[in-house]
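A.B. asks: Following this message is one structure expressed as C-alpha cells.
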2 protein chains.
Amino acid sequence: MKLSYADRAKHCKNPLAKHLFQLIENKKTNLALSADVTNCDKLLSLANTIGPEISVLKTHIDILDDFTPSFINELQKLAEKHQFLIFEDRKFADIGNTVKHQYAGGIYQIAEWAHIVNAHTLPGSGVIQGLAEAGKDKQRGLLLLAQMSSANNLLTPDYSKKTLEMAREFDEFVIGFIAQTKLSDEPHWIYMTPGVQLSENKDNLGQQYITPQKAILENGSDIIIVGRGIIAAKDPVSEAQKYRKIAWDTYLQSLT
Amino acid sequence: MKLSYADRAKHCKNPLAKHLFQLIENKKTNLALSADVTNCDKLLSLANTIGPEISVLKTHIDILDDFTPSFINELQKLAEKHQFLIFEDRKFADIGNTVKHQYAGGIYQIAEWAHIVNAHTLPGSGVIQGLAEAGKDKQRGLLLLAQMSSANNLLTPDYSKKTLEMAREFDEFVIGFIAQTKLSDEPHWIYMTPGVQLSENKDNLGQQYITPQKAILENGSDIIIVGRGIIAAKDPVSEAQKYRKIAWDTYLQSLT
C-alpha cells in the first residue's frame, strides 16, 4: 500500500522535506515547472501565471542575461503569494570547499533564497558536506542526482546505489533525488523527475522525454518537472493545468 | 622517448591547444594558479603578481562576491600583459541545451572571455555538443574531467575510459583532461592536475593532495594546478616561483 504525501511528511527528518510533502498535499499539485528562460521579466511572468499550478519552480539563475539582486526579491514574493518552493538547478559538482563558496557566496548567494538545490555525487561525499555547512542551518534541502534523462549518460546502477548510500549518511540535509525511477522504499525521500512531456520525444542535444504516467505510475516519481512541454506551448497556463491534472490524477491512481 | 611541449603543439587539431603548448614552451612554465578568492581586487592582484609565473589562471567566477563585468576587462588585460590563459573551472554538468546557455549567456558570459572551460561527461556527450555549439567558433577549448582528487569520488576507470572516448569524438573542441594520471599516449591531449601541494595532505572537506613530482613524473601530468599551496603562503609570489621551478625541472627530467 503506497503512502500519501501527507503520510510521508511524518517520516522526514529534514523540515523542508516535510513542508514540501504537506504543500503538495494541501495544494494538490505534484507538478514542478522548469522555467528555463533567459530574461528576468519573462521568468517572473511565468512564476506569476503558472505559480498557482505548481509546488516547485525550478530555476537556472545563471542563464538570466539581465539578472539583478532585486529579481530575487520579486521571485520570493511570488513564491510566497502562490505557495511554491524555489529549486535552483545548480548541479553542484566540485570539491566540498568550492561548492560551499558557490552555494553561499558570489553574486547569486543561492543559499539565501533557493529552498532546494541539487548536486552530483561524482566528487564524493565532500560535496554534500560542503553544501550542508552552508545550507543546513538555513533549513534548506538538497537533492542528489541519482539518474539523468540525457542520452548516453554515465550514471550506472552502481553510481545510483552509491548516491543512495551517501544520501543516507546525510539524511538531515538531503531530501531526495533527481531520478528517473525510485531507488528505495524509504518514505522520506522525494523523487523529482525531469525530462517529462506528454509525448515521448527527444531534443537535438541528447535530452530524452518520458510521459507523466510513466514517470509516476511505472517509475514511482513524486514530482514531475516539466519545462519546454509547458513554456513552449501556445498557452502555457492551460498547458500547465493539463499537466497538473494528469500528474495529480496519476498520483491518486498510484495510491489504489 | 617523451615529446616536448613544442613537439606536441604540432599534433593539435584545436588551435587553442596548440597555442597553449607553445606558450608553455616559450614562457617555460607548466604551472597553473587556482585563484580561489572571493574578492575581485584580490584576484586581480594575484593575477598581476603571479601572472608572470604561470601559463594558466584558473578561476571560479561564481564565488566572487563583488563581481562586475568590468572585472573581466581588467582580467583580460592582465592575461594579455603576462601571457597566460584564463580557465574558468565551471565543471558544466547538465544536459546540452542547458550548458549551452550557461556557457554563452547569463551575466557571466563565460564563452566571451574564458579561453578554457571544463565539463563532467556524466550527462553524456550532449554536454560536449552543447558547449561546442557555443565555444568552437570562438576558438575556445574544453577540458573533460576524467578523474578527481577528492576522497571517495565516483569516477571509476570505466568512467575515465568513456570520457576518453567522448573526447576523441569531439577532438576539435576538447583539448584534454582534468586528471590525476595520463589516460593515453596521444600527444595532443593536455593533462591538467589539481590538488597539488609540496607535501601530500588533505583538507577537512575531502580534498587530497599529491606532490608536483608525483603528478608530472609518475602520473604524466602536463600542467599542475596549485591553489591553497600558493595563495595561503606567507609570500605567494616566491611560493609560486618555487612551484614553477620544481614543476619545470621535473618536466625537463621527464624528457630524459
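The values are calculated or read from the model by the stated rules, or taken from the named source; none is laboratory data. Quick caveat: nothing in here was measured; it's all calculated off a predicted structure. Don't worry about glycine lacking a Cβ; one is built from the backbone with ideal geometry, like all the others, and counts go over all protein chains shown. When the accessible area is computed, the model is the full protein with side chains, heavy atoms only, and any ligands, DNA or RNA have been set aside. Shrake-Rupley method; radii C 1.70, N 1.55, O 1.52, S 1.80 Å.
A.B. asks: How about segment B:130-159: which of its residues are at the interface with another protein chain (Cβ under 7 Å from one of its Cβ atoms) and either part of a loop (DSSP other than H, G, I, E, B) or within 19 Å of B:Phe87 (Cα to Cα) (or both)?
C.D. replies: Those that are at the interface with another protein chain (Cβ under 7 Å from one of its Cβ atoms) and either part of a loop (DSSP other than H, G, I, E, B) or within 19 Å of B:Phe87 (Cα to Cα) (or both): B:Gly130, B:Met148, B:Ala151, B:Asn152, B:Asn153, B:Leu154, B:Leu155.
A.B. asks: Could you give every pair whose Cβ atoms fall below 6 Å, whose first residue belongs to segment A:9-35 and is without any contact (Cβ under 8 Å) to a residue 12 or more places away in the chain, and whose second residue is open to solvent by less than 70 Å² (accessible area, probe 1.4 Å), counting only separations of at least 6 or pairs across chains?
C.D. replies: The qualifying pairs are A:Lys18/A:Ala9; A:Lys18/A:Cys12.
A.B. asks: Just the residues that are of a type in the set (Val, Ile, Thr) and surrounded by fewer than 21 Cβ atoms within 10 Å (Cβ to Cβ), please, taken from segment A:154-165.
C.D. replies: The one that is of a type in the set (Val, Ile, Thr) and surrounded by fewer than 21 Cβ atoms within 10 Å (Cβ to Cβ): A:Thr156.
A.B. asks: Among the residues of segment A:81-97, count how many are part of a helix (DSSP H, G or I) and open to solvent by 10 Å² or more (accessible area, probe 1.4 Å).
C.D. replies: Selection size over segment A:81-97: 3.
A.B. asks: Which condition does A:Leu46 not pass, out of (1) away from chain B (no Cβ under 11 Å); (2) over 14 Å from A:Val237 (Cα atoms), if it passes all the others?
C.D. replies: With respect to (1) away from chain B (no Cβ under 11 Å); (2) over 14 Å from A:Val237 (Cα atoms), A:Leu46 is out only on (2).
A.B. asks: From (1) open to solvent by less than 50 Å² (accessible area, probe 1.4 Å); (2) touching a strand residue (DSSP E or B) at 6+ places or on another chain (Cβ under 9 Å), pick out the condition that doesn't hold for A:Arg168.
C.D. replies: In the conditions (1) open to solvent by less than 50 Å² (accessible area, probe 1.4 Å); (2) touching a strand residue (DSSP E or B) at 6+ places or on another chain (Cβ under 9 Å), A:Arg168 misses (1) alone.
A.B. asks: Still on this structure, please answer the following. Looking only at segment A:211-236, which residues are touching a residue at least 40 places away in the same chain (Cβ under 8 Å) and either open to solvent by 50 Å² or more (accessible area, probe 1.4 Å) or under 20 Å from A:Leu23 (Cβ atoms) (or both)?
C.D. replies: A:Ile216, A:Ser221, A:Asp222, A:Ile223, A:Ile224, A:Ile225, A:Val226, A:Arg228, A:Ile230
A.B. asks: Name the single residue that is surrounded by the most Cβ atoms within 10 Å (Cβ to Cβ) among those in segment B:98-124 being touching a strand residue (DSSP E or B) at 6+ places or on another chain (Cβ under 9 Å), of a type in the set (A, V, I, L, M) and closer than 25 Å to B:Leu75 by Cβ.
C.D. replies: Looking at residues that are touching a strand residue (DSSP E or B) at 6+ places or on another chain (Cβ under 9 Å), of a type in the set (A, V, I, L, M) and closer than 25 Å to B:Leu75 by Cβ, I get B:Val99.
A.B. asks: Out of all the residues in segment A:99-108, is one or more in contact (Cβ under 8 Å) with a residue 12 or more places away in the chain and either away from every other protein chain (no Cβ under 14 Å) or in a strand (DSSP E or B) (or both)?
C.D. replies: Among the residues of segment A:99-108, not one is in contact (Cβ under 8 Å) with a residue 12 or more places away in the chain and either away from every other protein chain (no Cβ under 14 Å) or in a strand (DSSP E or B) (or both), which makes the answer no.
A.B. asks: If we scan segment A:184-199, do we find a residue that is part of a helix (DSSP H, G or I) and over 18 Å from the mean Cα position of the chain (by Cα)?
C.D. replies: no
A.B. asks: Output yes when any residue across segment B:73-92 is among the aliphatic types (A, V, I, L, M) and touching a Pro at 6+ places or on another chain (Cβ under 7 Å), and no when none is.
C.D. replies: Checked segment B:73-92: no residue is among the aliphatic types (A, V, I, L, M) and touching a Pro at 6+ places or on another chain (Cβ under 7 Å).
A.B. asks: Same structure again: Is it the case that A:Ser160 is within 30 Å of B:Glu165 (Cα to Cα) and at pLDDT 95 or above?
C.D. replies: Yes.
A.B. asks: Identify all residues within segment B:72-95 that are more than 11 Å from every other protein chain (Cβ to nearest Cβ), over 17 Å from B:His19 (Cα atoms) and free of Cβ contacts under 8 Å to residues at least 40 places away in the same chain; write none if there are none.
C.D. replies: B:Asn73, B:Glu74, B:Leu75, B:Lys77, B:Leu78, B:Glu88
A.B. asks: Using beta carbons and a limit of 6 Å, which pairs, at least six apart or on different chains, have the first residue in segment A:131-154 and on the phi > 0 side of the Ramachandran plot and the second one at pLDDT 95 or above and part of a loop (DSSP other than H, G, I, E, B)?
C.D. replies: Going by the 6 Å Cβ cut-off, the qualifying pairs are A:Asn152/B:Gly124; A:Asn152/B:Ser125.
A.B. asks: For A:Leu144, indicate whether it is more than 16 Å from the chain's Cα centre (by Cα) and crowded, with 16+ Cβ neighbours inside 10 Å.
C.D. replies: no
A.B. asks: Among (1) within 9 Å of chain A (Cβ to nearest Cβ); (2) open to solvent by 20 Å² or more (accessible area, probe 1.4 Å); (3) in a helix (DSSP H, G or I), there is one condition B:Val127 misses while meeting the rest; what is its number?
C.D. replies: Every condition holds for B:Val127 apart from (2).
A.B. asks: Hey, another quick one. Looking at (1) out of contact with any Gly (no Cβ under 7 Å at 6 or more places or on another chain); (2) at pLDDT 95 or above; (3) in a loop (DSSP other than H, G, I, E, B), which one does A:Asn204 not meet, given that it meets all the others?
C.D. replies: (2)
A.B. asks: Mind checking which residues of segment B:57-73 are more than 14 Å from B:Asp36 (Cβ to Cβ) and under 20 Å from the mean Cα position of the chain (by Cα)?
C.D. replies: B:Ile72
A.B. asks: Could you grab me the full set of residues in segment A:202-244 that are under 11 Å from A:Asn30 (Cβ atoms) and either within 14 Å of chain B (Cβ to nearest Cβ) or of a type in the set (Lys, Arg) (or both)?
C.D. replies: A:Ile225, A:Arg244, listed by residue number.
A.B. asks: If you don't mind, another one. Kindly indicate which of B:Ile116, B:Ile178 is on the phi < 0 side of the Ramachandran plot, β-branched (Val, Ile, Thr) and within 14 Å of chain A (Cβ to nearest Cβ).
C.D. replies: Exactly one of B:Ile116, B:Ile178 is on the phi < 0 side of the Ramachandran plot, β-branched (Val, Ile, Thr) and within 14 Å of chain A (Cβ to nearest Cβ), namely B:Ile178.
A.B. asks: Would you mind telling me which numbered condition in (1) within 14 Å of chain B (Cβ to nearest Cβ); (2) farther than 17 Å from A:Asp222 by Cβ A:Ser34 fails?
C.D. replies: The number of the failed condition is (2).
A.B. asks: Another one. When only residues in segment B:241-250 that are under 20 Å from B:Ser149 (Cβ atoms) and in contact (Cβ under 8 Å) with a residue 60 or more places away in the chain count, which is surrounded by the most Cβ atoms within 10 Å (Cβ to Cβ)?
C.D. replies: It comes out as B:Tyr243.
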